[in-house]
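Structure first, commentary second.
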Amino acid sequence: MIIRFSALGDVILVRPIIQLFLKTYPDVRVWMVSNINNKSIFDFDERLKFIGIDFNSKEKKIFQIAKKVKVVSGNINFNGIYDLHDVIRSKILCLILSSKTDVSRVFEKQRSLKNKIISKKIGLQKLKTSSEQYLNCLKKDFEKLDFSNICKSLNGSDNKKNIIGIAPFSAHKSKIWPLSNYQKIINHFNNFKFVIFAFGSQELEYSKTYFLKNSNCSVIDGNLDLNEQMELINSFKVFISMDSANMHLASLTSTKVVSIWGPTHPFLGFRPLFNEEFIVQLSNEENSERPISVYGKIKKIDTVKAKQSLSGIGPERVIEKINLAINQ
């Protein structure tokens, strides 16, 4: 059984690992415990049993979660329980469910190492991706797993449309590139249509101001689930994103993903799978303060530094990466 709760971007990174797991071990069955909102992204194989938790109800309490797992799984004993979240809630859940397995493991989150890099106690170094750490946790008991065999979730499409997707927002405002910069991109690629990924009233209002004044821009249908969003992205020529869940979702498709990085850094484990060559960021020579944060949460004292890490990236750099992606 695999446990991975909140932080959508991290949950998305679990999907290719489970796909590889099921492909490498055709006789195995996987139970996945996660937020009910993530169900669609794990609905791709009958051997994957999803237990969804409604975090908007009393069901989110740890003993209620454990009770639901026990009821749904019945008399099944698991070969192993793998905590791919490593927080107090997931640790307690593993403890409560310990009677259902002889093996309980947790992935290596590298908190201490990441914090030392942020605080400049040690120099910047390229860490393993979260996906690779997830796989290594499973590999302790399933040694045939090989990260080099990881694949995109969706195959290439022969019907790529002249559409560029843009996911300009992030859960952390510190990771949002100045929205006014996109107009130069829209003007440059005036033979393309643009689909803006905006959810919630505030993001929709910003989209009206910065994007929808252009006749070739529209907003994604907010009713699409994660799997449907992947299918839509798979039809685009290019996808532009911040360091966000949208970046990870798009990276599972055949569409090239241009990602823009500011206070966070791809070396800290959250770089986009299969799309590292399309990363846009300031070099260490241009901004030696980066990384300023692991996830995007910024201390008040670092607010100006965080803004500078993004404001220093001009639209021309992004246009250059978009052209590279289109012409590959």
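Hey, could you check the stretch 52-99 for residues that are of a type in the set (D, E, K, R) and in contact with a Phe, Trp or Tyr (Cβ under 8 Å, 6 or more places away or on another chain) and say which is modelled with the highest pLDDT?
Among them, the one singled out is D83.
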field: the stretch 214-224, residues that are under 14 Å from N246 (Cβ atoms) and of a type outside the set (A, V, I, L, M, F, W, C)
entry: G222
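Take the conditions of a type in the set (F, W, Y), farther than 19 Å from D102 by Cα and open to solvent by 30 Å² or more (accessible area, probe 1.4 Å) and apply them to F55. Does it pass?
In short, yes.
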message: I'm trying to understand the selection: among the residues of the stretch 168-221, which are over 23 Å from the mean Cα position of the chain (by Cα), under 21 Å from L310 (Cβ atoms), open to solvent by 20 Å² or more (accessible area, probe 1.4 Å) and not β-branched (V, I, T)?
response: S180, N181, Q183, K184, N187, H188, E205, Y210
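Report whether or not K299 is basic (K, R) and more than 18 Å from A171 (Cβ to Cβ).
No; evaluated as a whole, the condition is false for this residue.
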statement: Taking the stretch 222-245 and keeping residues of a type in the set (A, V, I, L, M, F, W, C) and either outside any loop (DSSP other than H, G, I, E, B) or surrounded by 18 or more Cβ atoms within 10 Å (Cβ to Cβ) (or both) leaves L226, M230, L232, I233, F236, V238, F239, I240, M242, A245
task: Kindly list the number of the only condition in (1) at pLDDT 95 or above; (2) open to solvent by 40 Å² or more (accessible area, probe 1.4 Å) that fails for D43.
output: (1)
query: Looking only at the stretch 58-100, which residues are among the polar types (S, T, N, Q) and surrounded by fewer than 17 Cβ atoms within 10 Å (Cβ to Cβ)?
result: Q64, N75, N77, N79, S98, S99
Among the residues listed as K128, K161, the single one being open to solvent by 80 Å² or more (accessible area, probe 1.4 Å), touching a residue at least 60 places away in the same chain (Cβ under 8 Å), farther than 21 Å from V11 by Cβ and assigned to a loop (DSSP other than H, G, I, E, B): K161
message: The conditions are (1) surrounded by fewer than 18 Cβ atoms within 10 Å (Cβ to Cβ); (2) assigned to a loop (DSSP other than H, G, I, E, B), and S148 fails exactly one of them. Which is it?
response: (2)
- request: Could you name every one of the helices (runs of 4 or more DSSP H) located completely within the stretch 54-124 that has at least 3 residues being over 26 Å from V28 (Cα atoms) and not hydroxyl-bearing (S, T, Y)?
  value: 62-73, 111-118
task: Return the residue satisfying two criteria in turn: it lies in the stretch 11-40 and is in contact with a strand residue (DSSP E or B) (Cβ under 7 Å, 6 or more places away or on another chain) and in a helix (DSSP H, G or I), and of such residues it is most open to solvent (accessible area, probe 1.4 Å).
output: K39
message: Can you report the number of residues in the stretch 133-145 which are open to solvent by 50 Å² or more (accessible area, probe 1.4 Å) and either assigned to a loop (DSSP other than H, G, I, E, B) or closer than 26 Å to G262 by Cα (or both)?
response: 4
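The values are calculated or read from the model by the stated rules, or taken from the named source; none is laboratory data. Worth saying up front: this structure is predicted, and the values here are computed from it rather than measured. Every residue, glycine among them, receives a Cβ derived from its backbone with ideal geometry; neighbour counts consider all protein chains shown. When the accessible area is computed, the model is the full protein with side chains, heavy atoms only, and any ligands, DNA or RNA have been set aside. Shrake-Rupley method; radii C 1.70, N 1.55, O 1.52, S 1.80 Å.
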